[in-house]
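S.K.: Got a structure for you, questions after.
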């Protein structure tokens, strides 16, 4: 049975270009996490959280996911919000977020995931729908959020520090997707759909494969790290 992506309701006829973008992002994410796992098991000694090339790589991956999210949200809800579909999507996202937080806490109790990309999606999906009828404002606000982040004129630094000190969440997380600047990327994705700037991709063997992965991105997100860890542990066991 296919595991539906909750960001794309069944009422929405999927965009092949968006699926390919999301599929490419999921492939890059698996590559990124494979690189991270090499450090966990002691086969490499770089720092995926600090090294500039890895930080840029991660930014490309997250941007691709969130642009695709904004694009598909606009296409799905521009003709009206189907509340039952939306609540079902949010229920899936919140449930997956809770599972990720619990699993990461068991593995990394000092760096567990409290607001990763799925947690962020649970916030950003309903939040971006406010701008469905205001795509021009979404464009301006999206650019303003990103510009404000890179110029240090806009941040959530103080509320985040308060949360760290009072809610007992870790100062450093293995996966943290902050509202600023990433909500700005979602808004730009929404605007891209409004202005018909969705990627136009020719169908061939490669793009069809990426599109298939994009249609099942949430399932792949959930299972790829357990599979990688199992493979690494199996290799360690075989080589001992």
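Just so it is clear, none of the values below were taken in a lab; they were calculated from the coordinates. None of these values were measured; they are calculated from a predicted model. Backbone-built Cβ (ideal geometry, glycine too); neighbour counts: all protein chains shown.
S.K.: Using 0.36 nm per residue, how much length does the chain from residue 91 to residue 150 gain when fully extended, once their Cα-Cα distance is taken away?
M.R.: Contour length minus Cα-Cα distance gives 17.9 nm.
S.K.: A follow-up question, please. At 0.36 nm per residue, minus the direct Cα-Cα distance, what do residue 49 and residue 233 gain on full extension? Give it in nm, one decimal, please.
M.R.: Numbers: separation 184, 0.36 × 184 = 66.24 nm, distance 2.28 nm.
So the extension gain works out to 64.0 nm.
S.K.: Right, next: Between helix 179-194 and the chain, what is the angle of the helix's C-alpha long axis to the longest principal axis, kept within 0 to 90° and rounded to the nearest 10?
M.R.: Helix 179-194 sits roughly 40 degrees off the main axis of the chain.
S.K.: I need the peptides 187-199, 100-112 ranked by packing, meaning the mean over residues of other C-beta atoms within 10 angstrom, with the highest value on top.
M.R.: So the peptides 187-199, 100-112, ranked by packing, come out 187-199, 100-112.
S.K.: Tell me the label only: which of [x] 29, 23, 18; [y] 37, 20, 16; [z] 34, 20, 18 is semi-axes √(5λ) of the Cα gyration tensor in Å as calculated from this structure?
M.R.: The value computed from this structure is option [x].
S.K.: Find the eigenvalues of the gyration tensor of the Cα atoms of the stretch 93-138, then list the square roots of 5 times those eigenvalues as equivalent ellipsoid semi-axes, largest first, in whole angstrom. All intermediate terms of the calculation are to be shown ahead of the outcome.
M.R.: Details: eigenvalues 181, 18, 4 Å².
They are 30, 9, 4 Å, listed from largest to smallest.
S.K.: Another question, if that's okay. Given a cut-off of under 8 Å on Cα pairs at least six residues apart, what relative contact order in percent is computed for the chain?
M.R.: Computed value for the chain: 37 percent relative contact order.
S.K.: Hey, with R₀ at 25 Å, roughly what FRET efficiency would residue 41 and residue 105 work out to, going by the Cβ-Cβ distance, to 0.05?
M.R.: About 0.75, to the nearest 0.05.
S.K.: Then there's this: Sorted by mean Cβ packing within 10 Å, highest first, what order do the peptides 68-76, 168-176 take?
M.R.: Highest-to-lowest ranking by the protection proxy: 68-76, 168-176.
S.K.: For the chain, modelled as a GNM with alpha-carbon contacts under 10 angstrom, which of 23, 80, 142 fluctuates the most?
M.R.: Result for the chain, Cα springs under 10 Å: 80 fluctuates most.
S.K.: Mind checking the angle between helix 205-215 and the chain's longest principal axis? C-alpha axes, 0 to 90 degrees, to the nearest 10.
M.R.: Between the helix axis and the principal axis of the chain, the angle is about 90 degrees.
S.K.: For labels at residue 171 and residue 56 in the simple 7 Å Cα→Cβ model, what's the distance in nm?
M.R.: Here the answer is 2.9 nm between the modelled labels.
S.K.: Another question about this same structure. What does the helix-only formula give at 222 nm for the chain: each DSSP H stretch with n ≥ 4 adding -39500 (n - 2.57), the total divided by the residues, and the result rounded to the nearest 500 deg cm²/dmol?
M.R.: -23500 deg cm²/dmol
S.K.: In degrees, nearest 10, range 0 to 90: what is the angle between the Cα axis of helix 217-239 and the longest Cα principal axis of the chain?
M.R.: The angle comes out near 10 degrees.
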